[in-house]
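Taking it in order: structure first as structure tokens, then the write-up.
The values are calculated or read from the model by the stated rules, or taken from the named source; none is laboratory data. If you're wondering where the values come from, they're calculated on a predicted model, not measured in any experiment. Here the Cβ positions follow ideal geometry from the backbone for every residue, glycine too, while neighbour counts run over all protein chains shown.
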Amino acid sequence: MQETNLPPLPKSAKAQRTRQKILEAARTVFAERGFAKATAEEISTKAGVGYGTFYLYFEDKRQALHTILSEVDDHLYQLGQTESSEKQRLGLGALAPIKAIIGGFFDSFKAYSDVLKICHELSATDPDFKSQHDKVRARLVDRIKGHILKGLEFGNTRNVDPEIASVAIAGMVETIAVEWFFNNRSWDREKVINTVAKLYYSAVIKG
């Protein structure tokens, strides 16, 4: 299976604005109608552009959704980025930076839960969207793995296998996010973040 090719970003500012209007409209239509029922015509109407204009930017609704998911993926991936190895070293042994990373991830997951839910549901039957879902999860695993490896380097992380531990922690974080936002759990934000961060901390950081 080949990955869906994403369209290039238009060069002109006007074209970029039009593209963004179409993506925002697509996201709304997908959330309201579901991916299967949504049409390019509905998206065009919602965006206030001509039907043919949609196809100037996207091959079909699948490519539009993949583009949205790619942008969501990039946003989620930025969470937890630090500016220097010194900041990483100082943060590894403390609970507060872990809470900040976890909280940021959950907040962004909530903000994009509509499209993430669509991808999650489609991944069960559609190989293209399974690949997209796996890609998002792999980047979360890589972020946690990098955290653990840096901790091992500085000596304040437990002697755990970084690959296994990162997959386990990512699975916990993703499962909580899915249960919280897809199944509409009325959980208290601070309680969720504190609980998950403490589990992460106790599993990885030396006492």
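The table below lists the values:
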read-out	value
Failed condition for LEU92, given (1) crowded, with 20+ Cβ neighbours inside 10 Å; (2) modelled with pLDDT of 85 or more; (3) assigned by TED's automatic domain parsing to the domain that holds GLY155	(2)
From the options VAL173, VAL192, VAL204, VAL196, residue that is under 24 Å from HIS66 (Cα atoms) and in contact with a helix residue (DSSP H, G or I) (Cβ under 8 Å, 6 or more places away or on another chain)	VAL173
Test: residue in segment 8-23 that is closer than 23 Å to LYS130 by Cα and outside the structural domain of LYS117 (by TED's automatic domain parsing)	yes
Among (1) in contact with an Asp or Glu (Cβ under 6 Å, 6 or more places away or on another chain); (2) outside any helix (DSSP H, G or I), the one test that ASN159 misses	(1)
Those residues of segment 188-200 which are buried (at least 17 other Cβ atoms within 10 Å of the Cβ) and farther than 16 Å from ASP107 by Cβ, in sequence order	TYR200
Odd one out for ILE148, checked against (1) out of contact with any strand residue (DSSP E or B) (no Cβ under 8 Å at 6 or more places or on another chain); (2) free of Cβ contacts under 8 Å to residues at least 60 places away in the same chain	(1)
Residues (in a loop (DSSP other than H, G, I, E, B) and under 15 Å from THR67 (Cα atoms)) located in segment 1-44	GLU3, THR4, ASN5, LEU6, PRO7, PRO8, LEU9, PRO10, PHE35
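Here's the yes/no breakdown for (1) part of a helix (DSSP H, G or I); (2) touching a residue at least 60 places away in the same chain (Cβ under 8 Å); (3) surrounded by fewer than 16 Cβ atoms within 10 Å (Cβ to Cβ):
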position: VAL115; (1), (2), (3): yes, yes, no
position: THR125; (1), (2), (3): no, no, yes
position: VAL136; (1), (2), (3): yes, yes, no
position: MET172; (1), (2), (3): yes, no, yes
position: THR175; (1), (2), (3): yes, no, yes
